Amino acid sequence: MKRTALALSAAVTALLGAQAHAQSWSLAAAAAPYKGTTVSAIFLDRPGYKAAAALIPQFEKETGIKINFEVVPYESTNQRYVLDFTSGGGADLVLSDVVWIGQFADAGWMVPLDKFFKDPKLADPALNLKGFFPVLLNSFGTWNNKVYGLPFDNYSGLMYYNKCSLKAAGFSGPPKTWDELLKVYGPKLTGGGKYAFALQSRRGETQSADSFMRTLWLAGGSLIDPKTFQPTLGSAASQRGLKFRQDLMKYMPPGVVDMDHNEVVNAFNQGTVPIITEWSAFYPTITDPKQSKIGLNCLGVTTEPLGSAGLKPALGGFSLGVNSNSDAKKQAAAYLFIQWITAEKNAKAYVQAGGVSGRQAVYKDPAIRAKYLYVDPMVKSWSAGTAVPAFRPRFAEWPQISQIVAENGTKIMLGQLSTVAGAKTIDDQVRAILTKAGYYSGKKLKLQ
């Protein structure tokens, strides 16, 4: 009885201590030792970063910490980070693509965030890691069971469609399946200089991720077997996906192999293409009257179509972490900004400024759900059992493999390689890379 009373007393004391800490903690007090510190960052020229830039002055005013960001093209960002990290430098804030987290974490370039979570002077009691969508925290920020980054600028693949164009063609809504898009919508919506669909496929990460991997997953295919790590592009399912993409090309613009996100979104905005699958992050661009002729009355947004494997939407985006090369003051100041920009209390302002938050609570807000058409399908796409955490492998070898997939995926689309020959070429080269890395010998854990 005495032990029970002592245990109860200790629990009460701990609870009261936690409550006192929660009530006493403030951003201004936490940031006081770092006032005047400048934190460097790399941003992209995308809506989510413009949204963050709009909020940064508030953070700087409250903390006295300066956030100095440089806008860099996505295509050169990974190479820039690798060069900077290996030379002992780099931006204090680490913007990690979902497919860079394994590379950066394995190399020791990012600080495990539990260093800051455990520091009561820095850790906001309202952080609430469980408030993020689990698939986002696990995919974008976690590697080998350690959290290295908090979800920021997160995407789901969605289907945008022009309701007015579809209605004029006799359709009451968008295609529910990829097969329906190919066999029913494609023929009827293509002609007279217009095309039913556009799939961003420019050589590079756009080809390997948005085009190649998307068509694999919809047919139940994959790049590698998740258990053995053996390449699987020669499988019946993977071949179905690659052949489907070839069949769909007859209903896409002739130059689709060289179309990136901006070109696809612009084709949709100008009314040339009535159906696209694009990231949720492009919603602000599609609804901007200065850039789009569609108008909200004609805009429809839903999940990607169902494939033979069900709903397997594209998953992409970034996390924000801390550079291991930075000094202690810059690391602490960088963490305070990451914690603040991804906080639940700031999620609504971030979304209203044009960003896509990884927080669950903000999308339960009736005003947010009513205003932003992408919310419901995006939330559904991020739900358990639907989202594919390893939509692209997140291991350190992905950037190298991505180049191989992009090169040969482009050749397949152009008809320079058959799907079978292209698959074998990629499989052979991927196997060689994974062999050298040590995945088959047991030297390296099969994590992706």
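The values are calculated or read from the model by the stated rules, or taken from the named source; none is laboratory data. All of these numbers come straight from a predicted model, not from anything done at the bench. Because the Cβ atoms are built from the backbone with ideal geometry, glycine has one as well, and the counts that use them run over all protein chains shown. Surface areas here come from the heavy atoms of the whole protein model, side chains and all, with no ligands, DNA or RNA. Shrake-Rupley method; radii C 1.70, N 1.55, O 1.52, S 1.80 Å.
I want to check the label-to-label distance for Lys293 and Lys50. Put each point 7 Å from Cα in the C-beta direction and report it in nm to one decimal.
About 2.1 nm separates the two model spin labels.
At a probe radius of 1.4 Å, what is the per-residue accessible area of Tyr363, in Å² to the nearest 10?
0
Enter the accessible area per residue of the chain (Å², integer; probe 1.4 Å; all protein chains in place).
On a per-residue basis, the chain sits at 42 Å².
How would Arg203, Arg245, Arg46, Arg80 line up by accessible area, probe 1.4 Å, largest first?
Arg203, Arg80, Arg46, Arg245
Starting from the Cα gyration tensor of region 315-404, take the square roots of the eigenvalues, sort them a ≥ b ≥ c, and report rounded, prolate or oblate (rounded when a/c is under 1.5, otherwise prolate if a/b is larger than b/c, else oblate).
Taking the square roots of the gyration eigenvalues as a ≥ b ≥ c, region 315-404 is oblate.
Over the chain, with every protein chain in place, what whole percent of the accessible area is carbon and sulfur at 1.4 Å, could you tell me?
Result for the chain: 55 percent of the exposed heavy-atom area is carbon or sulfur.
What number, in percent, do you get for the relative contact order of region 139-270 if the mean sequence gap of Cα pairs under 8 Å and at least 6 apart is divided by its residue count?
22
Normalising by the residue count of region 163-225, find the relative contact order in percent from Cα pairs under 8 Å and 6+ residues apart.
About 14 percent, as a whole number.
Given a 1.4 Å probe and heavy atoms of the protein chains only, how would you sort Glu407, Glu278, largest accessible area at the top?
Greatest to least solvent exposure: Glu407, Glu278.
What is the set of long-range amide H partners of Val322 at a cut-off below 5 Å, with H atoms built 1.01 Å from backbone N?
Here Val94, Val111 satisfy the definition.
Give me, ordered by chain and number, the residues 5 or more places off Tyr155 or on other chains with an amide H under 5 Å from its own placed amide H.
Gly316, Gly317, Phe318
Can you tell which of Val71, Val98, Val147 shows the greatest fluctuation in a Gaussian network model of the chain with Cα springs below 10 Å?
Val71
Give me the lysines in straight-line cross-link reach of Lys35: C-alpha distance below 22 Å, same-chain residues under 8 apart excluded.
Answer for Lys35, where 22 Å is the Cα cut-off: Lys61, Lys66, Lys115, Lys118, Lys121, Lys329, Lys330, listed by chain and number.
Can you give me the Cα centroid spacing of region 75-133 and region 217-280 in angstrom?
30
Springs between alpha-carbon pairs under 10 angstrom, Gaussian network model over the chain: which of Pro253, Pro47, Pro120 fluctuates most?
The residue with the greatest mean-square fluctuation here is Pro120.
Contour minus end-to-end for Glu60 and Arg369, with contour as 0.36 nm per residue of separation and end-to-end as the Cα-Cα distance?
108.3 nm
Just read off the accessible area of Asp376 with the full protein assembly in place, 1.4 Å probe, to the nearest 10 Å².
The accessible area comes out at roughly 80 Å².
List the residues, sorted by chain then number, that are 5 or more residues from Thr177 or on another chain and whose placed amide H is less than 5 Å from its amide H.
Excluding prolines and chain starts, which carry no amide H, the hits are Leu306.
When only C-alpha pairs under 8 Å and at least 6 residues apart count, what is the relative contact order of the chain, in percent?
Computed over the chain, the figure is 25 percent.
Based on alpha-carbon atoms only, what is the radius of gyration of region 350-448 relative to the globular estimate 2.2 N^0.38 Å?
Here the answer is 1.56, to two decimals.
On a 21 Å Cα-Cα criterion, which of the cross-link pairs Lys163/Lys188; Lys163/Lys183; Lys312/Lys424; Lys293/Lys380 come out too long?
Those over the limit are Lys312/Lys424; Lys293/Lys380.
With each run of n ≥ 4 DSSP H residues scored as -39500 (n - 2.57), what mean residue ellipticity at 222 nm is computed for the chain after dividing by its residue count and rounding to the nearest 500 deg cm²/dmol?
-12000 deg cm²/dmol
Please list, in order along region 137-145, the HN-Hα scalar couplings obtained from phi with the Karplus expression 6.51 cos²θ - 1.76 cosθ + 1.60 (θ = phi - 60°), rounded to whole Hz, x for Gly and Pro.
Residue by residue, region 137-145 yields 5, 5, 7, 7, x, 10, 9, 6, 6 Hz.
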